1. Hey, what angle do you get for helix 219-232 against the long axis of the chain, alpha-carbon based, 0 to 90 degrees rounded to 10?
2. Projecting each Cα onto the charge dipole of segment 126-274 (Lys/Arg +1, Asp/Glu -1 at the beta carbon, about the Cα centre), which of Val126, Gly225, Val148 comes out farthest on the positive side?
3. Students often get this wrong, so try it: which of (1) 68, 36, 33; (2) 61, 45, 31; (3) 50, 42, 36 is Cα extents along the principal axes in Å as calculated from the structure shown?
4. Divide by every residue of the chain the summed helix terms, -39500 (n - 2.57) for each DSSP H run of at least 4, and state the resulting mean residue ellipticity at 222 nm, rounded to the nearest 500 deg cm²/dmol.
5. Does segment 180-274 come out rounded, prolate or oblate by the C-alpha gyration tensor, with a ≥ b ≥ c the root eigenvalues, rounded set by a/c under 1.5 and, if not, prolate when a/b is larger than b/c and oblate if not?
6. If you place +1 on the Cβ of every Lys and Arg, -1 on the Cβ of every Asp and Glu, and leave all else neutral, what size is the dipole of segment 143-274 about its Cα centre, to the nearest 20 Debye?
7. Rounded, prolate or oblate: pick one for segment 89-203, where a ≥ b ≥ c are the square roots of the eigenvalues of its C-alpha gyration tensor, a/c under 1.5 means rounded, and failing that, prolate if a/b is larger than b/c, else oblate.
8. How high is the relative contact order of segment 123-254, in percent, with contacts defined as C-alpha pairs under 8 Å that are six or more residues apart?
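Please treat every number below as a calculation from the coordinates, not as lab data. As the structure is a computational prediction, the values presented were derived from the model and not from experiment. Note that we place each Cβ from the backbone using ideal geometry, even for glycine, and neighbour counts take in every protein chain shown.
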Amino acid sequence: MSGSLLDRVSRRVHLRKGSVLLTYPGLGVGNYLYFLLDAYADSLAGPPARVLDSGLDPAWRAALPRLEPLLAAPEDVAWRRTRHIPPSFLQAYGVDFSAAELERFVREVLLATLPLPTGPTPDVVVNVRRGDYYTHPNFRRLYGFDVVDYVHRALDEVGSVATPRWLSFVSDDPAWCAEHFGELTARTEKITFGAQTPGSLGDFVEVAAARALVLTNSTFSYWAGYVSGFVHGDDHLGTWVPDLHQRNIDDGRPWQHDPRWHALGVRDLDDGPV
């Protein structure tokens with residue numbers, strides 16, 4: 001991560017004690033979880049810190065009741081309290097949070113009640129982020145890449161450590177995945193498109209339960225990757241990620257990745273430079 005961003009993060013540390021992290025409506029679950037991790041770590045070390053609840057998905061709140069003490073309702077936020085807007089979305093692995101803080105948050109807050117599947121699960125899951133990354137021109141330039149090429153190369157590497165019996169594609173656009181990856185039946189005994197349980201929480205637990213993951217450049221994916229690593233420990237087969245998060249920050253290099261993940265370069269889209 002760039003030095004200027006590190007400097008801003010350092011200045012933030014001295015201002016955030018006893019604070020409420022500001023969020024905004026429409027914030028995705030992955031981004032929310034980074035804020036909640038930060039508040040959790042702060043609360044362990046000093047005055048309680050919370051995250052403004054601007055609309056966290058009710059299904060997630062119901063499944064993860066240990067998040068509740070970390071959330072502040074808008075009417076509970078007094079103007080006299082110290083508040084700040086995070087400069088980097090608090091996502092830098094090893095900078096905004098340590099590996100130990102992440103592990104404690106995942107084990108004590110998430111895994112304590114996360115409804116992981118109890119029956120058979122895919123052994124390899126590909127989590128593909130589509131949506132506005134590819135339909136919105138500005139987002140396409142920032143986040144878009146040749147997903148088909150990347151997934152094929154990542155699965156080649158997965159195949160060097162395991163032969164998948166059940167390959168699952170979990171995505172906000174499973175129909176797109178079925179159209180572009182339907183021919184992969186030769187790689188596995190079973191292939192499915194879409195999680196077994198509908199909804200974003202169902203998507204998340206299916207990804208997190210797998211022993212081998214192929215992720216795309218989404219904070220939702222990253223969190224499922226973190227959780228999967230703790231669920232399986234030494235029995236985990238690996239996590240593959242694109243060496244790209246967002247092109248206008250630090251030349252696109254991701255700052256959220258666990259350093260043990262396998263990063264692959266990506267190709268630009270065929271519709272021109274991005």
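1. Between helix and principal axis, roughly 80 degrees.
2. Working it through, the farthest residue towards the positive pole turns out to be Gly225.
3. Only one option fits the structure, namely (2).
4. -10000 deg cm²/dmol
5. On the way: a/c = 1.74, a/b = 1.25, b/c = 1.39.
The shape class here is oblate.
6. Details: 9 positive and 20 negative charges, 79 e Å.
Dipole of segment 143-274, to the nearest 20 debye: 380 debye.
7. Numbers: a/c = 1.65, a/b = 1.19, b/c = 1.39.
Oblate, since a/c reaches 1.5 and b/c is not below a/b.
8. Details: 210 pairs, mean separation 37.6, N = 132.
Once divided by the residue count of segment 123-254, the mean separation gives 29 percent.
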